[in-house]
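The values are calculated or read from the model by the stated rules, or taken from the named source; none is laboratory data. Bear in mind the structure is a predicted one, so any value in this text is a computation, not a measurement. Please note: Cβ atoms are built from the backbone with ideal geometry, for glycine as well, and neighbour counts cover all protein chains shown. The protein model used for the area step is the full one, side chains on, heavy atoms only, and it has no ligands, DNA or RNA in it. Shrake-Rupley method; radii C 1.70, N 1.55, O 1.52, S 1.80 Å.
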Amino acid sequence: MFTARTLLEGKWPILVLSALTVAGAFLGCHAGWCWTLALVPGLLLVFTISFFRDPGANVPPDQKLIVSPATGRIVEIKSVTEPHFLKGEAIMTAIFLSVFDVHVQRAPIDGEIKFVQYNPGKFLDARNANASLQNENRVVGIESADGFRVTVRQISGLIARRIVGWADRGATLTKGERFGMIRFGSRVELFLPPGTEITAKVGDYAKGGETIIARRK
């Protein structure tokens, strides 16, 4: 449920809230309000630790199946132009990650990371229509052994202020393998080539590395 890597990403807020909880309990007991002053930082500590959870995934073995790169609600599916890796028409599936969702990103297919680009930007609410183009983001292009390409874009949000990449260009990923994380509420977009059969729909709740988004030919 938890891994050292994700917990290390949250080490500072976890340490600060732990210290405040202990200090609140100590001061509260001396003032006759035992644990009262520790309640708020204690609840925030539990929430923060929960945010950095990293559960396993039941990855479907069929190589034709493309899985969700993130855990959250599918909010948009549409045809777009993807200029970074696919360089042309694509089908985009957007997933909104609330502060209560797992924020680890996973590879939607087996393949090698062929493209990585970090783009600085704003920190609009991830549900804002302009967030996709204007917010800070990291674009990752993955190519399978037979040349099938997908692009994943990690997008920051109003609260999310750090995009983490655990794998860079040249890394080989297996489907469902963790490759990054976004702190707190955010958005992840998956771009697929035209003709890919989309099996998910808007409104579905997707689990990273597990929920089937599409099937390739």
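Annotations for the structure displayed:
- Residue within the range 172-182 that is open to solvent by less than 30 Å² (accessible area, probe 1.4 Å), touching a strand residue (DSSP E or B) at 6+ places or on another chain (Cβ under 8 Å), among the β-branched types (Val, Ile, Thr) and in contact (Cβ under 8 Å) with a residue 40 or more places away in the chain present: yes
- Whenever a residue of the range 205-217 is part of a strand (DSSP E or B), its partners that are modelled with pLDDT of 95 or more and basic (Lys, Arg), lying with C-beta atoms within less than 7 angstrom and at least six residues away or across chains, give the pairs TYR205/ARG73; ARG215/LYS64.
- Test: residue in the range 112-126 that is out of contact with any Phe, Trp or Tyr (no Cβ under 9 Å at 6 or more places or on another chain), under 13 Å from PHE191 (Cβ atoms) and of a type outside the set (Ser, Thr, Tyr): no
- Filtered residue count, the range 183-204, keeping only those that are part of a strand (DSSP E or B) and surrounded by fewer than 21 Cβ atoms within 10 Å (Cβ to Cβ): 2
- Taking the criterion of being buried (at least 21 other Cβ atoms within 10 Å of the Cβ) and of a type in the set (Asp, Glu), no residue of the range 205-217 qualifies.
- Candidates in the range 64-86 are the residues that are assigned to a loop (DSSP other than H, G, I, E, B) and modelled with pLDDT of 95 or more; of these, the one that is nearest to THR196 (Cα to Cα) is LYS64.
- Qualifying residue in the range 34-57 (condition: open to solvent by less than 60 Å² (accessible area, probe 1.4 Å) and at pLDDT 85 or above): yes
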